[in-house]
Amino acid sequence: MAVLNPPKAPAAQDPRAAVEKALGNPQGADLPSISKVSKINIIVDDATRVTPTKLLLSVILPKLQNLGARQDQISISIANGLHEISDQQTVSNLLGDDVATSYRVVNNNGSDTSVFADFGKTGRGTPVEVNEHVTDCDLRILTGIVEPHQLAGYSGGVKAMIPGVSSEKTITANHSLMLNENVRVGKVEGNSLREDLEEAAALTHGSGQNFIVNTVVNEDREIVHVVAGDEIQAHRKAVALSREISSVSVQEKADVVIASPGGYPRDLNLYQSQKALAHIEGIIKKNGVAVLLAECRNGTGSKTCEEWMTRGAQPADIIRRLKTEGFNMGAHKAYQLARFMVKANIVLVSNLPRELVESMHLHTAANLEDAYREALDIVGSDARVVVCPYAAATLPDLSPQR
């Protein structure tokens, strides 16, 4: 029926100049005078994101120094959230060897309760605990990428701080809001999870200023746009720009959707790869088939998710268990998989062991051809088929006339 590639978006002719221009024309907030700032922290994404961090730092760091900041005033935090802690090689790959060895680098560990400052609770009851190394700084520069996100609507903005450098308690409480119907990919305004994390970030303002530098990239991971400034105003501008190059219309729902998250690191593990399913959920028919191609070189990414998937005999059992036992991280990923499986089948093509995949009640196939044949066996040979090669960065939508 269709191949749903994101709209072609030409890369910025000079990516460095695009970053410099954004810093020189911030939206809604200016960089403060460095003479009034004693400590600066730059928050960067971990290795699960495709953010062009080295390029951003190659502009941001000289900019700060030109404004009068000394090297010893500047530190860098890795926004691991509850992901695996970045080892030294990963940090060097993310930042570049020179930056990794020249600046203090702080790896956020959401489980280390000793490193977080307490800023109270949001109106929805989320405890706000943020890495005190970050909140001790007068200026926090939040970098990131803005693209469709299954929970926050779009990534970027304050997500670098919450959940990026927050505690497990904060992350779990905020993520529990995913059970609300208004939490979904592509929705920012009126999304209770996005609103909660932005309220949480606002509670940190008394200790220092947050200033974002966010990028929008095309399917080739080239910078198309850069925005800087206020954590809300600049982010919403980036959302509008991202929506233009991620939204794709499809005229009718498909029996089969063949999808890839979009390659490494989007398919680093099953935990990350699942996000592709959230993006195609709205365009697949009831009892249809999603063929998910995801390498998963680092396994499932969550032992908790494995345990929940293997214990639940049926997807509905996993959903009931989460609602009975209460929300927890890892289990939420099993819930997301189960919620999709209630609607449609999944055939996974990956490097995960067949026995493991089948124990999680997922269909598996050795290659795309076998997966496609299995899909047709389920829905019939006259299936309507859609292909979504960059699903994690694409926002498919049914055309209004249908």
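Values in this text are rule-based calculations from the coordinates and carry no lab data. Treat the numbers as computed from the prediction; the structure is a model and nothing was measured. All Cβ positions, glycine included, derive from the backbone under ideal geometry; neighbour counts span all protein chains shown.
Before moving on, here are some points about what is shown:
- Within-11-Å neighbourhood charge of Lys121 [Cβ basis; K, R +1; D, E -1]: -2
- Taking amide H atoms as placed 1.01 Å from N in the peptide plane, the amide H of Asn108 lies under 5 Å from those of Ile78, Asn80, each 5 or more residues away in sequence or on another chain.
- Shown in residue order for the stretch 238-251 are the 3J(HN,Hα) couplings computed by the Karplus curve 6.51 cos²θ - 1.76 cosθ + 1.60 at θ = phi - 60°: 5, 4, 4, 5, 5, 4, 5, 10, 10, 7, 9, 8, 10, 7 Hz (x for Gly and Pro).
- Cross-link table Lys187/Lys343; Lys121/Lys237; Lys253/Lys333; Lys21/Lys169; Lys187/Lys285; Lys169/Lys285, entries beyond 30 Å C-alpha to C-alpha: Lys21/Lys169; Lys169/Lys285
- For the stretch 264-310, the dipole from Cβ point charges (+1 on Lys and Arg, -1 on Asp and Glu) about the Cα centre works out to 140 debye, to the nearest 20.
- Each residue in Thr126, Thr324 was given a count of other beta-carbon atoms within 10 angstrom of its own, and listing them fewest first yields Thr324, Thr126.
- With a Förster radius of 35 Å applied to the C-beta separation of Gln88 and Thr304, the computed FRET efficiency comes to 0.85.
- Take every DSSP beta bridge whose two residues both sit in the chain; close to 25 percent of them are antiparallel.
- Kirkwood Rh, Cα atoms: Rg over Rh of the stretch 251-398: 0.94
- All Cα-Cα distances of the chain, cut into 10 Å bins from zero to the largest, leave 5, 23, 33, 25, 11, 3, 0 percent in each bin in turn.
- Model label points for Lys286 and Arg354, set 7 angstrom from Cα along the Cα-to-Cβ axis, are 3.4 nm apart.
- Prolate/oblate/rounded label for the stretch 167-218 (Cα gyration tensor, a/c 1.5): oblate
- Listed residue (Ala238, Ile258, Asn287) projecting farthest to the positive dipole end of the stretch 219-290, Cβ model: Asn287
- The gain in end-to-end length when the Asp112 to Arg221 segment is fully stretched comes to 35.9 nm, 0.36 nm per residue minus the alpha carbon separation.
- Across the chain, the mean sequence separation of Cα contacts (distance under 8 Å, 6 or more residues apart), normalised by length, yields a relative contact order of 20 percent.
- Around the amide H of Ala290, modelled in the peptide plane, lie the amide H atoms of Val257, Asn345, Ile346, Val347, all under 5 Å away and 5 or more residues distant in sequence or on another chain.
- Counting other Cβ atoms within 10 Å as a rough exposure proxy, the listed residues Tyr335, Tyr154, Tyr271 run Tyr271, Tyr335, Tyr154 from fewest neighbours to most.
- Here the chain is treated with +1 on each Lys and Arg Cβ and -1 on each Asp and Glu Cβ, and its dipole about the Cα centre works out to around 640 debye.
- Given their separation in residues at 0.36 nm each and the Cα-Cα distance between them, Asp72 and Lys21 gain 15.8 nm when the chain is fully extended.
- Student exercise, the stretch 251-368 dipole from Lys, Arg, Asp, Glu Cβ charges, in Debye to nearest 20: 300
- Computed FRET value (nearest 0.05) for Asn367 with Ser102, which takes r as the C-beta separation and R₀ as 35 Å: 0.15
- Sorted by Cβ density within 10 Å, fewest first, the residues Met341, Met161, Met178: Met178, Met341, Met161
- Put a dot 7 Å past the Cα of Gln233, heading toward its Cβ, do the same for Gln13, and the two dots end up 2.9 nm apart.
- Ala202-Gln65 pseudo-label distance in nm [points 7 Å out on the Cα-to-Cβ vector]: 3.8
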